[in-house]
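> Questions regarding the structure given below will be posed in turn.
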Amino acid sequence: MNHSLECEPDAGYCHCIDEGNHMPRLQPLKVDQLAPELQSMMESAEKTMGFTSNDGLTMARHPALMKSLSMMVQALYGSGTVEPELKRLIGNITSTAAGCQYCQAHTAHGAHSVGVSREKIDAVWTYETSPLFSERERAALRVAHGAGLSPSTVTDDQFEALSKFFTDDEIVEIVGVISLFGFLNRWNATIATEIESMPLAYARKL
């Protein structure tokens, strides 16, 4: 499936990555314009991701916000017992459902960076039927899908199904990741953050 070309507007979502170049509505700062503490945070993030994120450079205009979000990201991705691979796929499904192309590209690249196969990333939107996904993964991705829509379409049955595979603490992790991207999807889609070359190049290959 080539996500850079295929849209399904009748299904209520679009999983394309726009090939065009659009100017961001708010310009990111340069790394050398940041205070030393924020420069250190950006450098640390670059080592993890492999590139400097434009949303971080834009958010650096509000240092307290950037620091708080960094702490949330570290809490969700740096601890807990839900595997990193599933967390990245949850972020991708949530971002795709919400229509945020910036986060779609980031989460696809992030899933690849933690070892998810390209085949599985490419098939993530067909999680319900693809043999690449377990019933455990489907339960989590189903909730991520519904939660990414506005208003949320998550049902009691879908949420209850999570408890068959995940502890209450792990469900908090899952909803935490979904909620993190609820913020990031709206931030980046509203500002029209420019997708960096590395995640964009990866997303265009899917």
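> Is it the case, given these coordinates, that Lys205 is out of contact with any helix residue (DSSP H, G or I) (no Cβ under 7 Å at 6 or more places or on another chain), surrounded by 16 or more Cβ atoms within 10 Å (Cβ to Cβ) and of a type in the set (Lys, Arg)?
Working: out of contact with any helix residue (DSSP H, G or I) (no Cβ under 7 Å at 6 or more places or on another chain): yes; surrounded by 16 or more Cβ atoms within 10 Å (Cβ to Cβ): no; of a type in the set (Lys, Arg): yes.
No, not satisfied.
> Quick one: which residue in Gln74, Gln39, Gln104 is in contact (Cβ under 8 Å) with a residue 12 or more places away in the chain and either surrounded by fewer than 20 Cβ atoms within 10 Å (Cβ to Cβ) or under 20 Å from Gly176 (Cα atoms) (or both)?
Numbers: Gln74 fails: in contact (Cβ under 8 Å) with a residue 12 or more places away in the chain; Gln39 fails: in contact (Cβ under 8 Å) with a residue 12 or more places away in the chain.
Criteria check complete, one pass: Gln104.
> If you take the residues of the range 191-202 that are crowded, with 18+ Cβ neighbours inside 10 Å and of a type in the set (A, V, I, L, M), which of them is farthest from Ser117 (Cα to Cα)? It would help to see each step written out before you state the result.
Filtering the range 191-202 for residues crowded, with 18+ Cβ neighbours inside 10 Å gives 191, 193-196, 199-200, 202.
Narrowing further to those that are of a type in the set (A, V, I, L, M): 191, 195, 200.
On the way: Ile191: 31, Ile195: 22, Leu200: 17 Å.
Step by step, filter the range 191-202, then rank; the result is Ile191.
> Looking only at the range 139-176, count every residue that is under 22 Å from Gly99 (Cβ atoms) and basic (Lys, Arg) and tell me the total. Steps first, answer last, please.
Of all residues in the range 139-176, those under 22 Å from Gly99 (Cβ atoms) come to 140-155, 158, 174-176.
Filter again for basic (Lys, Arg), leaving 142.
Looking only at that region, the number is 1.
> Search the range 78-96 for residues being touching a Ser or Thr at 6+ places or on another chain (Cβ under 9 Å) and of a type outside the set (Val, Ile, Thr), and hand back the single one that is farthest from Glu196 (Cα to Cα). It would help to see each step written out before you state the result.
Applying the first criterion (touching a Ser or Thr at 6+ places or on another chain (Cβ under 9 Å)) to the range 78-96 yields 81, 88-96.
Going one step further and asking which of them are of a type outside the set (Val, Ile, Thr), we end up with 88-89, 91-92, 95.
Working: Arg88: 18, Leu89: 20, Gly91: 18, Asn92: 17, Ser95: 17 Å.
Step by step, filter the range 78-96, then rank; the result is Leu89.
> Turning to a different aspect of this structure: What tally of residues in the range 86-101 results from selecting those that are under 21 Å from Ile171 (Cβ atoms) and either among the hydrophobic types (A, V, I, L, M, F, W, C) or touching an Asp or Glu at 6+ places or on another chain (Cβ under 9 Å) (or both)?
Counting residues in the range 86-101 that are under 21 Å from Ile171 (Cβ atoms) and either among the hydrophobic types (A, V, I, L, M, F, W, C) or touching an Asp or Glu at 6+ places or on another chain (Cβ under 9 Å) (or both) gives 7.
> Can you find a residue that is more than 27 Å from Phe51 (Cβ to Cβ), surrounded by 15 or more Cβ atoms within 10 Å (Cβ to Cβ), of a type in the set (Asp, Glu) and out of contact with any helix residue (DSSP H, G or I) (no Cβ under 6 Å at 6 or more places or on another chain) anywhere in the range 165-173?
Checked the range 165-173: at least one residue is more than 27 Å from Phe51 (Cβ to Cβ), surrounded by 15 or more Cβ atoms within 10 Å (Cβ to Cβ), of a type in the set (Asp, Glu) and out of contact with any helix residue (DSSP H, G or I) (no Cβ under 6 Å at 6 or more places or on another chain).
> Would you pick out the residues in the range 151-194 that are of a type in the set (Gly, Ala, Ser) and either closer than 19 Å to Leu86 by Cα or at pLDDT below 95 (or both)?
Ala161, Ser163, Gly176, Ser179, Gly182
> Next up: Looking only at the range 73-85, which residues are of a type in the set (A, V, I, L, M, F, W, C), assigned to a helix (DSSP H, G or I) and closer than 16 Å to Glu170 by Cβ?
If we filter the range 73-85 for residues that are of a type in the set (A, V, I, L, M, F, W, C), which is where we start, we get 73, 75-76, 82.
So of that shortlist, the ones also assigned to a helix (DSSP H, G or I) come out as 73, 75-76.
Correct list: Ala75, Leu76.
> Do we find that Ser44 is out of contact with any helix residue (DSSP H, G or I) (no Cβ under 7 Å at 6 or more places or on another chain), without any contact (Cβ under 8 Å) to a residue 24 or more places away in the chain and within 24 Å of Leu141 (Cβ to Cβ) in this structure?
Values: out of contact with any helix residue (DSSP H, G or I) (no Cβ under 7 Å at 6 or more places or on another chain): yes; without any contact (Cβ under 8 Å) to a residue 24 or more places away in the chain: yes; within 24 Å of Leu141 (Cβ to Cβ): no.
No; evaluated as a whole, the condition is false for this residue.
> Among the candidates Ser68, Ser53, single out the residue that is modelled with pLDDT of 95 or more and in contact with an Asp or Glu (Cβ under 9 Å, 6 or more places away or on another chain).
Values: Ser68 fails: in contact with an Asp or Glu (Cβ under 9 Å, 6 or more places away or on another chain).
Ser53 is the lone residue from the list that is modelled with pLDDT of 95 or more and in contact with an Asp or Glu (Cβ under 9 Å, 6 or more places away or on another chain).
> Looking at Thr94, Thr52, which is the one that is farther than 16 Å from Arg186 by Cα, among the polar types (S, T, N, Q), surrounded by 14 or more Cβ atoms within 10 Å (Cβ to Cβ) and touching a residue at least 40 places away in the same chain (Cβ under 8 Å)? Talk me through it step by step, then tell me what you get.
On the way: Thr94 fails: farther than 16 Å from Arg186 by Cα.
Unique residue meeting the criteria: Thr52.
> If you don't mind, there's one more thing I want to ask. Just checking, does the range 52-66 include any residue being closer than 30 Å to Ala161 by Cα and within 15 Å of the chain's Cα centre (by Cα)? If you could, list the steps in order and put the result at the bottom.
Quick first cut of the range 52-66, residues closer than 30 Å to Ala161 by Cα only: none.
The answer is no; no qualifying residue exists.
The values are calculated or read from the model by the stated rules, or taken from the named source; none is laboratory data. As the structure is a prediction and not an experimental result, all values here were calculated from the model. We place every Cβ from the backbone using ideal geometry, glycine too, and count neighbours over all the protein chains shown.
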